[in-house]
Structure formats: C-alpha cells, structure tokens
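*Asks:* Attaching a single structure in structure tokens format; questions to follow.
The values are calculated or read from the model by the stated rules, or taken from the named source; none is laboratory data. On a predicted model such as this, the values are computed, not experimentally measured, just so you know. Ideal geometry is used to build each Cβ from the backbone, glycine not excepted, and the neighbour counts take in all protein chains shown.
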Amino acid sequence: MAQPSLGVCSWSLQVSNIPDLVRLSSEVGAEVVQIGLGDPTHGSWDEGDGFLAALKESGLELSGTMIGFPGEDYTSPATIRQTGGFGDPATRSERLDIFRQAVDQTAALGLRCLCSHAGFIPEDDGAERSSFLDCISEAAQYAAEKDVLFTMETGQETASLLRRTLDELKMSSLRVNFDPANMILYDMGNPIEAIEILGPDIAHVHAKDANPPQASGEWGAEVPLGDGSVGMAEFVAALERAGYCGPLVVEREVGDQDERVEAIKHGISVLRSLS
C-alpha cells in the first residue's frame with residue numbers, strides 16, 4: 001500500500017487565521033490539513049467572509065472539513081450526551097441549518113469529507129431512535145446532493161451499534177471518520193476490533209491516543225500518540241487490512257499551543273515510522 005498522507009487538524013494548532021495555519025502546519029510536518037469551518041469547539045477565523053477565498057489561495061492541501069455546534073458541552077460524558085450533535089430534538093432544526101452551510105462550504109472547497117459528531121445514537125429499542133435516524137438521513141441526503149460525504153466521528157457509541165445504524169440507513173453519503181482514541185475516552189470498546197467492523201465505511205481517520213477512564217462516568221485521558229492504549233502499530237496495520245488508503249490526520253485536544261505543537265510533531269514522527 002502507498003504511504004498515507006500525514007496531516008493535522010486545524011483546531012489542534014489553536015490558530016485563528018490562515019497564515020498561522022500555513023506556518024504551523026508546515027512546522028509540525030503535516031502534508032494535509034483537516035479544516036475546522038468555525039464553531040465554538042473548532043475555532044473561528046479572522047478572515048470572516050473571506051475565509052474560503054483565503055484558504056483556496058493558501059496552497060494548503062486539505063483532507064476534509066469539520067463542524068461542531070453551539071451549545072455542545074464536553075465537561076463530562078454526561079453533558080455531551082445531553083448536548084452533542086443531533087441528539088436533542090429541540091436543537092435539530094438549527095443544527096441542520098448549520099450542517100447544510102458546512103456542506104455548502106465543503107463543496108465550495110472541492111472537498112468530499114465533512115466530519116461531525118452526530119450525537120449519541122439511540123440503541124435499537126430506544127424511543128428516540130426513529131426520529132434521530134430521520135435527522136441523520138436528512139443531513140446525509142443534503143450532503144449527497146452536493147457530492148459530499150457526511151463522515152460521522154466514532155466514539156460515542158460502540159462499533160456494533162454504528163454498524164447496525166449504517167446498515168439500516170443504507171446511504172452511500174453516510175460514512176465514518178474513525179477516531180480510535182474517542183472509543184477509549186468514551187469507554188466504547190476496542191478500536192482495533194472496531195476497524196474490522198467499520199472498515200468498508202471508513203472515509204477519514206483521526207490519529208489520536210488515549211487511556212481509558214479510571215471510573216464510570218468519567219473521561220479517559222488523551223495522551224501523546226504512541227503512549228496510550230490504542231496500539232499505533234496495530235492501528236495502522238488494521239487500517240491497511242481494511243483497505244483504507246486515505247490520510248492519517250493527527251488530532252490533539254489538550255495542552256497549550258506549544259505543548260500541542262510538540263505533541264503533533266511527535267505524532268507525525270510516530271506515524272511516519274509506521275507507514
């Protein structure tokens with residue numbers, strides 16, 4: 001298999017303008033960038049309405065986009081369960097509008113992968129499952145009309161539940177952004193086994209590492225790539241076995257900017273040694 005492109009998530013660099021993004025992505029050795037489109041979690045851009053034009057002129061190679069939503073609260077697993085993605089029926093209409101705008105921006109950039117946390121998928125017998133899936137279907141249908149993939153990020157559910165959901169919806173525009181550390185942070189199973197379950201639908205990958213929670217209801221701990229429970233060598237090998245040939249994009253969500261830059265450099269170095 002050809003060596004995958006190695007990249008970084010723009011929000012991990014804690015930048016607010018395109019020149020700083022260009023400078024720091026080069027400093028960490030990233031070949032591609034997944035770009036946050038601007039939200040409370042993934043940052044905003046000084047360029048304002050000129051953001052897309054500035055990004056196109058930057059010379060950056062982009063792997064895809066990312067969008068989150070106002071009001072998402074990552075204080076604890078319990079708070080994000082209540083506020084994340086499309087989980088709350090009261091916020092779905094507003095968030096679908098934000099999602100559609102993100103699809104339009106993704107298409108305008110000539111990209112295919114738009115990543116977002118869909119929210120906690122209700123279990124098969126959950127009372128909210130039908131209405132939740134209707135919302136996800138509506139989002140994926142709009143993405144399909146613009147030739148964009150809605151790549152749901154892993155972590156908030158088991159791989160088996162996500163697999164059943166994808167099989168139930170049967171939408172070619174609904175795929176997976178695979179983040180192995182999220183599965184550990186949320187205590188939702190073994191990420192290597194999850195690749196075997198989700199492999200055909202993995203369209204984009206976050207490279208991140210973590211250790212599991214110490215107690216029920218708590219977060220696990222994000223750690224530098226290679227220092228946690230994912231098992232990076234097996235992670236890369238499992239993706240290869242699954243036929244994934246896209247980029248590996250390092251995400252780092254803890255520490256100040258200097259700490260993040262050093263951790264991302266280290267992560268890209270680890271991935272380069274394994275690819």
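*Asks:* Yes or no: residue 272 outside any strand (DSSP E or B), of a type in the set (Lys, Arg) and either over 29 Å from residue 132 (Cβ atoms) or in contact with a His (Cβ under 8 Å, 6 or more places away or on another chain) (or both)? Working first, answer last.
*Replies:* Values: outside any strand (DSSP E or B): yes; of a type in the set (Lys, Arg): yes; either over 29 Å from residue 132 (Cβ atoms) or in contact with a His (Cβ under 8 Å, 6 or more places away or on another chain) (or both): yes.
Answer is yes for this residue.
*Asks:* Condition (residue is of a type in the set (Gly, Ala, Ser), under 21 Å from residue 66 (Cα atoms) and part of a loop (DSSP other than H, G, I, E, B)) applied to segment 250-269: is it met by at least one residue?
*Replies:* Yes, because at least one residue in segment 250-269 is of a type in the set (Gly, Ala, Ser), under 21 Å from residue 66 (Cα atoms) and part of a loop (DSSP other than H, G, I, E, B).
*Asks:* If residue 127 passes every condition in (1) at pLDDT below 95; (2) closer than 25 Å to residue 184 by Cα but one, which one does it miss?
*Replies:* Just one mismatch for residue 127, condition (2).
*Asks:* For the subset of segment 120-155 comprising residues that are acidic (Asp, Glu) and part of a helix (DSSP H, G or I), which member is farthest from residue 92 (Cα to Cα)?
*Replies:* Quick first cut of segment 120-155, residues acidic (Asp, Glu) only: 123-125, 128, 134, 138, 145, 147, 153.
Next cut, part of a helix (DSSP H, G or I) only: 134, 138, 145.
Working: 134: 11, 138: 11, 145: 20 Å.
Among them, the one singled out is 145.
*Asks:* If I go through segment 185-209 residue by residue, how many of them are touching a residue at least 40 places away in the same chain (Cβ under 8 Å), part of a helix (DSSP H, G or I) and over 16 Å from residue 226 (Cβ atoms)?
*Replies:* So the count comes out to 6.
*Asks:* Can you pull out the residues in segment 72-97 that are of a type outside the set (Phe, Trp, Tyr), part of a loop (DSSP other than H, G, I, E, B) and either closer than 17 Å to residue 139 by Cα or touching a residue at least 24 places away in the same chain (Cβ under 8 Å) (or both)? Steps first, please.
*Replies:* Narrowing segment 72-97 to residues of a type outside the set (Phe, Trp, Tyr): 72-73, 75-85, 87-97.
Then drop every residue that is not part of a loop (DSSP other than H, G, I, E, B), which leaves 72-73, 75-76, 84-85, 87-88.
Across segment 72-97, the qualifying residues are 72, 76, 84, 85, 87, 88.
*Asks:* Sticking with this structure for a sec: Taking segment 228-252, which residues are on the phi < 0 side of the Ramachandran plot and surrounded by fewer than 16 Cβ atoms within 10 Å (Cβ to Cβ)? Walk me through it before giving the result.
*Replies:* First, the residues of segment 228-252 that are on the phi < 0 side of the Ramachandran plot: 228-230, 232-242, 244-252.
Selection gives 233, 234, 237, 240, 241, 245.
*Asks:* Among the residues of segment 220-243, write down those that are farther than 14 Å from residue 263 by Cα, aliphatic (A, V, I, L, M) and assigned to a loop (DSSP other than H, G, I, E, B).
*Replies:* If the condition is that a residue be farther than 14 Å from residue 263 by Cα, aliphatic (A, V, I, L, M) and assigned to a loop (DSSP other than H, G, I, E, B), then 230, 242 are the ones that fit.
*Asks:* Okay, next question. Being in contact with a strand residue (DSSP E or B) (Cβ under 6 Å, 6 or more places away or on another chain), modelled with pLDDT of 95 or more and charged (D, E, K, R) is the requirement here; does residue 240 meet it?
*Replies:* Numbers: in contact with a strand residue (DSSP E or B) (Cβ under 6 Å, 6 or more places away or on another chain): no; modelled with pLDDT of 95 or more: yes; charged (D, E, K, R): yes.
Answer is no for this residue.
*Asks:* Moving on. Taking segment 156-179 as the region of interest, how many residues are basic (Lys, Arg), out of contact with any helix residue (DSSP H, G or I) (no Cβ under 8 Å at 6 or more places or on another chain) and in a helix (DSSP H, G or I)?
*Replies:* We begin by selecting, within segment 156-179, every residue basic (Lys, Arg); these are 163-164, 170, 175.
From what is left, the residues that are out of contact with any helix residue (DSSP H, G or I) (no Cβ under 8 Å at 6 or more places or on another chain) are 164, 170.
Those left that are additionally in a helix (DSSP H, G or I): 164.
Count: 1.
Residue-by-condition table, conditions (1) surrounded by 23 or more Cβ atoms within 10 Å (Cβ to Cβ); (2) touching a Ser or Thr at 6+ places or on another chain (Cβ under 8 Å):
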{"site": "76", "(1), (2)": "no, no"}
{"site": "86", "(1), (2)": "yes, no"}
{"site": "95", "(1), (2)": "yes, no"}
{"site": "139", "(1), (2)": "yes, no"}
{"site": "146", "(1), (2)": "no, yes"}
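*Asks:* Next up: So which residues in segment 3-29 are more than 20 Å from the chain's Cα centre (by Cα), closer than 15 Å to residue 46 by Cα and assigned to a loop (DSSP other than H, G, I, E, B), if there are any at all?
*Replies:* Listed by number, the list holds a single entry, 17.
*Asks:* Next question, about the same structure. Check off (1) over 30 Å from residue 90 (Cβ atoms); (2) in contact with a Cys (Cβ under 9 Å, 6 or more places away or on another chain) for residue 66 and give me the number that stays unchecked.
*Replies:* (1)
*Asks:* Still on this model: Can you tell me how many residues in segment 105-119 are hydrophobic (A, V, I, L, M, F, W, C), crowded, with 22+ Cβ neighbours inside 10 Å and in a loop (DSSP other than H, G, I, E, B)?
*Replies:* 1
*Asks:* Okay, next question. Of everything in segment 50-71 that's under 22 Å from residue 140 (Cα atoms) and among the hydrophobic types (A, V, I, L, M, F, W, C), which residue is nearest to the chain's Cα centre (by Cα)?
*Replies:* 66
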